Amino acid sequence: MSVQAYDWYFDVNSPFAYLQWKTRHRLAGIATLRPIPVVLGALLTHWEQKGPAEIPPKRFHTYRACQWRAAKLGIQFRFPPAHPFNPIAALRLIVALDASEAAVDAVFSAAFGEGRDVSDPAVLDELGHALGLMDVATAISQPNVKLRLRENTDAAIARGVFGVPTTIVNEELFWGEDTTEMLAEYLATPALFDTPEMRRLRTLPEGVQRAPAKPPA
C-alpha cells in the first residue's frame with residue numbers, strides 16, 4: 001500500500017518548519033510531506049497578524065523554546081546570525097530546484113543546522129552549486145520562479161493557511177511542528193474530529209471581539 005503525500009507549506013524563516021521537516025521520519029509509513037515554499041510575511045499581512053519574532057518578549061521565548069525543542073528531538077540546531085531574515089532569495093532557490101527534498105534539506109540545514117545566513121548570495125551560490133545549479137542569480141531571477149512563489153502563497157491563503165509549517169490533509173489544517181502527533185493520529189483515525197465536541201468547535205461563537213488598535217497620532 002503506497003504512502004500518500006500531503007501538501008506541506010513552509011517558509012525557510014521558520015525554525016519550527018525546520019524542526020518538523022528534519023523529523024518527518026515520525027510520519028514514516030503513514031505519510032510523506034510535499035514541500036511547498038510560501039512567503040510567511042505575506043500570510044501574516046493577509047491575516048493581519050504579527051509573527052512571534054515581531055513581539056519582543058515573545059521573540060526571546062520562541063527562540064529559547066526552539067533551542068530546547070531541538071535538543072529534545074535530537075536535532076542539530078543553531079540560529080542564523082540574525083532572525084528573522086529576508087527569505088525570498090532562498091525560497092526562490094528552492095522553487096528553481098522544483099522544491100526537491102534535497103533543496104529543502106540543504107537550505108534548512110544551512111539556516112538552522114549550521115546557523116548560516118541564507119540571505120547571503122555567496123551562501124546561496126554555494127548551496128545551488130552543490131545541487132547542480134551553476135548560475136543561481138539568473139535562476140532565481142526568472143519570472144516563472146518569482147510567479148510560482150507568489151502563486152504558492154496565494155494558493156495557501158485561499159486554503160486558509162495562516163502560518164507555517166502547515167500540512168493539509170482532506171482540507172484539514174495541521175499548523176505547527178507540535179501538531180505532528182495529532183496529524184499522525186488523524187491519518188490513522190480519520191474520524192478523530194468527528195466527535196460532538198470536535199464538531200462543536202467549528203461553530204463556537206465569539207463572546208467578545210478585541211477592538212482594533214488605534215493608529216498612532
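Looking at 124, 91, can you tell me which residue is in contact (Cβ under 8 Å) with a residue 12 or more places away in the chain, closer than 19 Å to residue 147 by Cα and not in a loop (DSSP other than H, G, I, E, B)? It would help to see each step written out before you state the result.
On the way: 124 fails: closer than 19 Å to residue 147 by Cα.
Selected residue: 91, the only one of 124, 91 that is in contact (Cβ under 8 Å) with a residue 12 or more places away in the chain, closer than 19 Å to residue 147 by Cα and not in a loop (DSSP other than H, G, I, E, B).
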Candidates 150, 210 - the one that is basic (Lys, Arg) and part of a helix (DSSP H, G or I): 150
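Condition check ((1) in a strand (DSSP E or B); (2) under 16 Å from residue 148 (Cα atoms); (3) aliphatic (A, V, I, L, M); (4) in contact with a helix residue (DSSP H, G or I) (Cβ under 8 Å, 6 or more places away or on another chain)) across all residues:
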| residue | (1), (2), (3), (4) |
| --- | --- |
| 21 | no, no, no, yes |
| 29 | no, no, no, no |
| 34 | yes, yes, no, no |
| 45 | no, no, no, no |
| 48 | no, no, no, no |
Positions within segment 138-161 being among the hydrophobic types (A, V, I, L, M, F, W, C) and more than 21 Å from residue 108 (Cβ to Cβ), in sequence order: 147, 155, 157, 158
Long-range neighbours under 6 Å by Cβ, at least six apart or interchain, first residue touching a residue at least 12 places away in the same chain (Cβ under 8 Å) within segment 48-76, second of a type outside the set (Gly, Ala, Ser) and outside any helix (DSSP H, G or I): 53/84; 70/77; 73/23
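The rows are residues; the columns are (1) closer than 25 Å to residue 23 by Cα; (2) crowded, with 17+ Cβ neighbours inside 10 Å.
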{"residue": "155", "(1), (2)": "no, no"}
{"residue": "178", "(1), (2)": "yes, no"}
{"residue": "182", "(1), (2)": "yes, no"}
{"residue": "187", "(1), (2)": "yes, yes"}
{"residue": "208", "(1), (2)": "no, no"}
{"residue": "212", "(1), (2)": "no, no"}
Criterion: of a type in the set (D, E, K, R) and out of contact with any helix residue (DSSP H, G or I) (no Cβ under 8 Å at 6 or more places or on another chain) - qualifying residue of 120, 105: 120
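How many residues, within segment 84-105, are out of contact with any Pro (no Cβ under 8 Å at 6 or more places or on another chain) and either closer than 14 Å to residue 39 by Cβ or surrounded by 17 or more Cβ atoms within 10 Å (Cβ to Cβ) (or both)? Outline the logic, then answer.
Taking segment 84-105 as the starting set, the residues that turn out to be out of contact with any Pro (no Cβ under 8 Å at 6 or more places or on another chain) are 84-88, 90, 92-93, 96-98, 100, 102-103, 105.
Narrowing the set further to residues that are either closer than 14 Å to residue 39 by Cβ or surrounded by 17 or more Cβ atoms within 10 Å (Cβ to Cβ) (or both) leaves 84-88, 90, 92-93, 96-97, 103.
Within segment 84-105, residues that are out of contact with any Pro (no Cβ under 8 Å at 6 or more places or on another chain) and either closer than 14 Å to residue 39 by Cβ or surrounded by 17 or more Cβ atoms within 10 Å (Cβ to Cβ) (or both) number 11.
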The one condition in (1) part of a helix (DSSP H, G or I); (2) at pLDDT 95 or above; (3) under 22 Å from residue 37 (Cβ atoms) that residue 53 fails to fulfil: (2)
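The values are calculated or read from the model by the stated rules, or taken from the named source; none is laboratory data. This is a predicted model, so every value here is computed, not measured. In this analysis, Cβ positions are derived from the backbone assuming ideal geometry, glycine residues included, and neighbour counts consider all displayed protein chains.
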